Every structure is written in C-alpha cells, then in structure tokens.
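Report on the following structure.
The values are calculated or read from the model by the stated rules, or taken from the named source; none is laboratory data. For clarity, every value in this text was computed on a predicted model and none was experimentally measured. Cβ atoms come from the backbone with ideal geometry, glycine included; neighbour counts cover every protein chain shown.
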Ligand code: GLP
C-alpha cells in the first residue's frame, strides 16, 4: 500500500477529532511505520486529498502545521519532505555550540556576520559588570550544523580583559576554546534564560526561514569561578531544528531542606 492510501486507512470521518488533526497524526504514523527517512518526499497535497476524500485546504493545514513543528519541510517546486530529527540542546551543562554539535555527531561551523570593537551599551555594561562605554568585542556568528544555518549567536566580551579577540578568525575557532586555551579562563557557571521569539526579516534571511517563523531565544551570562562575567550572549535558535532537554530530580525532603538553606542563606 502506498503512503497516501495508508493515510486514508487511518482517517475516520465520523470521529470527533478535527480532520486536519487526523491527517496530521496519520501522516506522522505512516512516516514512522513505513520508516520514510529524512529528505524523502511525502505524497503531495493533491495525492493525500484524492486518497482520503478530504479537501486540499484541510490537508494543507495539516502539512503546514507539521512544517511549523519542524517535522516536514518544503522545497518550492519540488514538494514536501521529511525533516531531519531535531537536535537536542541540553540545558543543565555549560557547553559550547561546538561541543554540543560534536557530541551529536554533527559537523559544527560558523560564519562570522560581524566582529567588531564597540563601546558597552548600558545593558551590556550591566550584564558584564563593566562601566558603560568600556571597549567590548562584539561577535555575531551564524552557527552551522552540517553546513546548515541553525542559530544566530551574538556575544559581547570585555576587550580590557581579553585584548586581541578582534584578531582571531572565529569562522575557524571556537570561542570557548580560545578563552580556555589562550586566555586560560575557567568557564565555571552561567545564568541562562529561554524565551519564545519569532524571526524578523534579518533573522529570517540569515537562518533561511520564512518571516515570523518560531525561534528559541537564549540569553546567557557565563562567569568564571570568582563570579566575574566572561561573556554576555543573545542567541536565536531555529525551533524547527532544536528541542531543549533537562533532566529532573525529585525534590526529596532532605533536598528540600538543603534548597531552603541555600535560598535563605
Ligand atoms: C553556546 C553558548 C554561547 C557560547 C557558545 C560558544 O552556543 N550559548 O554562550 O558563546 O556556545 O561556542 P563555540 O565555543 O563553539 O564558539
């Protein structure tokens, strides 16, 4: 049985579940059951509509929703394809982009969008605990996984503490590698926020996404063991390519007591 007929088999027009959701779930089930690999074409809107007797508009709604979730992607004029599985971004470890990609068997890469010396804005100055107008190194990089742009990272670091960063070619070097090996900095801990965001025109063009595509926005300040800020970083990750993971413990009574101690100290 072809995939379009297999989808049709799973549809129950009398069920209460909206038809577009039925098509969406059936498509995922068929991709999984038939082991359709990433980058293989799925049946077209017309084929699914003909096999199921469901309007093309409803089928389109199901496909669009799977594209937004990053399960499928389209190539104009070619069709709709199964997307690669999402990259896992662990939240509990202080790792670099290079380390995270390598761990998952992906080839990390960077394209430098801007590398400049500039005076600290009031916000950057607060984040890095320096005086406003202190000279900073600003590095904007498009981060690549197997050659595909997956994130835009903008980092600010003090040039007083790290003179010479301007001379380094960050399309070839990892920032954490440079900080550890050339400046002998120990990246000890960080505070990071994650928020939902959408791609404006510039981000959409850089990340090869439609305008308003959903993104994961991170903001991180990384500190050395003496609690001195090292980097302030704002990044936008493609949410169709990443999912976040955290491992959780039970908060037992003893742990609870320890936590209370820590927070009330
Ligand atoms: C991660 C962090 C950034 C950090 C970067 C360094 O993506 N979110 O805060 O600057 O890694 O990456 P690399 O060492 O690969 O240049």
Exercise. For residue 113, which of the numbered conditions (1) out of contact with any helix residue (DSSP H, G or I) (no Cβ under 8 Å at 6 or more places or on another chain); (2) under 30 Å from residue 178 (Cβ atoms); (3) surrounded by fewer than 19 Cβ atoms within 10 Å (Cβ to Cβ) fails to hold?
Worked result: (1)
For this session: From the list 154, 141, pick out the single residue that is over 21 Å from residue 90 (Cβ atoms), touching a residue at least 24 places away in the same chain (Cβ under 8 Å) and in a strand (DSSP E or B).
Result: 154
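Yes/no per residue for (1) more than 16 Å from the ligand (Cβ to nearest atom); (2) at pLDDT 90 or above; (3) in a strand (DSSP E or B); (4) under 29 Å from residue 147 (Cα atoms):
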residue	(1), (2), (3), (4)
202	yes, yes, no, yes
221	no, yes, yes, yes
226	yes, yes, no, no
254	yes, no, no, no
Problem set entry | Pair list, Cβ < 6 Å and 6+ apart or interchain, from region 99-110 residues that are in contact (Cβ under 8 Å) with a residue 24 or more places away in the chain to residues that are more than 10 Å from the ligand (Cβ to nearest atom) | 101/145; 106/145; 106/146; 107/146; 109/144; 110/171
Exercise. In region 169-191, what residues are in contact with a strand residue (DSSP E or B) (Cβ under 7 Å, 6 or more places away or on another chain) and under 15 Å from residue 224 (Cβ atoms)?
Worked result: 175, 179, 185, 187, 188, 189, 190, 191
For this session: Assess whether residue 149 counts as being more than 16 Å from the ligand (Cβ to nearest atom) and out of contact with any helix residue (DSSP H, G or I) (no Cβ under 6 Å at 6 or more places or on another chain).
Result: no
For this session: Kindly provide the set of residues from region 74-99 that are away from the ligand (no atom under 16 Å from the Cβ), farther than 14 Å from residue 240 by Cβ and surrounded by 12 or more Cβ atoms within 10 Å (Cβ to Cβ), ordered by number.
Result: 79
Problem set entry | Conditions (1) surrounded by fewer than 17 Cβ atoms within 10 Å (Cβ to Cβ); (2) within 11 Å of the ligand (Cβ to nearest atom); number of the one not met by residue 139 | (1)
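Which is in contact (Cβ under 8 Å) with a residue 24 or more places away in the chain and surrounded by fewer than 14 Cβ atoms within 10 Å (Cβ to Cβ), of 193, 170? Let's see the steps before the verdict.
Working: 170 fails: surrounded by fewer than 14 Cβ atoms within 10 Å (Cβ to Cβ).
So the residue among 193, 170 that is in contact (Cβ under 8 Å) with a residue 24 or more places away in the chain and surrounded by fewer than 14 Cβ atoms within 10 Å (Cβ to Cβ) is 193.
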